[in-house]
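The next block holds one structure in the form of C-alpha cells; read it before the comments.
The values are calculated or read from the model by the stated rules, or taken from the named source; none is laboratory data. Values in this document were obtained by computation on a predicted structure and should not be read as measured data. Ideal geometry is used to build each Cβ from the backbone, glycine not excepted, and the neighbour counts take in all protein chains shown. We work out accessible area using only protein heavy atoms, side chains counted, and drop any ligands, DNA or RNA first. Shrake-Rupley method; radii C 1.70, N 1.55, O 1.52, S 1.80 Å.
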Amino acid sequence: VQLQASGGGLVQPGGSLRLSCAASGGIFSIKSMYWYRQAPGKEREWVAELTSGRTTYYAEPVKGRFTISRDNAKSPLYLQMNNLKPEDTAVYYCSALWGSSMHSWGQGTQVTVSN
C-alpha cells in the first residue's frame, strides 16, 4: 500500500483545513488508517484512527475539532480540522495498517497555524 498525503498549508487560528491521503496498491487489504503529526522538536504523536468497521478514535487534544473519514475503500482518507490552534502546527502523516500487520506511511504535509 502506498500513501500520498496533501492539503496542508498556512491558516490563521480558528480556521479550518482538510487533509487528504490517497491510497494505492493493496487498498482492499487495509484494516485501519491513521493520522499522526510531529511538531518541531517533539516526537511523532497519534492523532486519529478509522477502522475498517468505520469506528473512529481521536487523541484528546483534537477531540471535537478534527474528523477522520473515508467514504469507501477507493476513496481518500480525510482529516477535517476545524478551530485550529497554534499548537496544531506540525507535519501531518497518514498511515495504514494492512495485510498481516504491515504498516505504510505517506510523506508528511505541513500544517502551520499562525497569524
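Overview of values
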| quantity | calculated |
| --- | --- |
| Residues of region 69-84 that turn out to be of a type in the set (D, E, K, R) and surrounded by 13 or more Cβ atoms within 10 Å (Cβ to Cβ), as a count | 1 |
| Which listed residue is out of contact with any Asp or Glu (no Cβ under 7 Å at 6 or more places or on another chain) and farther than 30 Å from residue 12 by Cβ, from 89, 67, 51 | 51 |
| Condition met for residue 80 (in contact with a Ser or Thr (Cβ under 7 Å, 6 or more places away or on another chain) and outside any loop (DSSP other than H, G, I, E, B)) | yes |
| Any hit, region 96-109, residues being farther than 15 Å from residue 21 by Cα, surrounded by 15 or more Cβ atoms within 10 Å (Cβ to Cβ), in contact with a Gly (Cβ under 8 Å, 6 or more places away or on another chain) and at pLDDT 95 or above | no |
| Matching residues, region 57-77, being touching a Ser or Thr at 6+ places or on another chain (Cβ under 8 Å) and under 13 Å from residue 3 (Cβ atoms) | 76, 77 |
| Test: residue 91 is open to solvent by less than 20 Å² (accessible area, probe 1.4 Å) and under 19 Å from residue 111 (Cα atoms) | no |
| Lone unmet requirement of (1) more than 20 Å from residue 39 (Cα to Cα); (2) assigned to a loop (DSSP other than H, G, I, E, B) for residue 57 | (2) |
| Residues within region 52-68 that are open to solvent by less than 30 Å² (accessible area, probe 1.4 Å) and either within 15 Å of residue 95 (Cβ to Cβ) or not hydrophobic (A, V, I, L, M, F, W, C) (or both), tallied | 3 |
| Hits in region 29-51 - residues which are within 14 Å of residue 104 (Cβ to Cβ) and open to solvent by 60 Å² or more (accessible area, probe 1.4 Å) | 31 |
| Single unsatisfied condition, residue 31 versus (1) in a strand (DSSP E or B); (2) among the basic types (Lys, Arg); (3) out of contact with any strand residue (DSSP E or B) (no Cβ under 7 Å at 6 or more places or on another chain) | (3) |
| Residues (among the hydrophobic types (A, V, I, L, M, F, W, C), open to solvent by 60 Å² or more (accessible area, probe 1.4 Å) and either touching a Lys or Arg at 6+ places or on another chain (Cβ under 8 Å) or part of a strand (DSSP E or B) (or both)) located in region 2-28 | 10 |
| So residue 31, is it among the basic types (Lys, Arg) and closer than 18 Å to residue 99 by Cβ | yes |
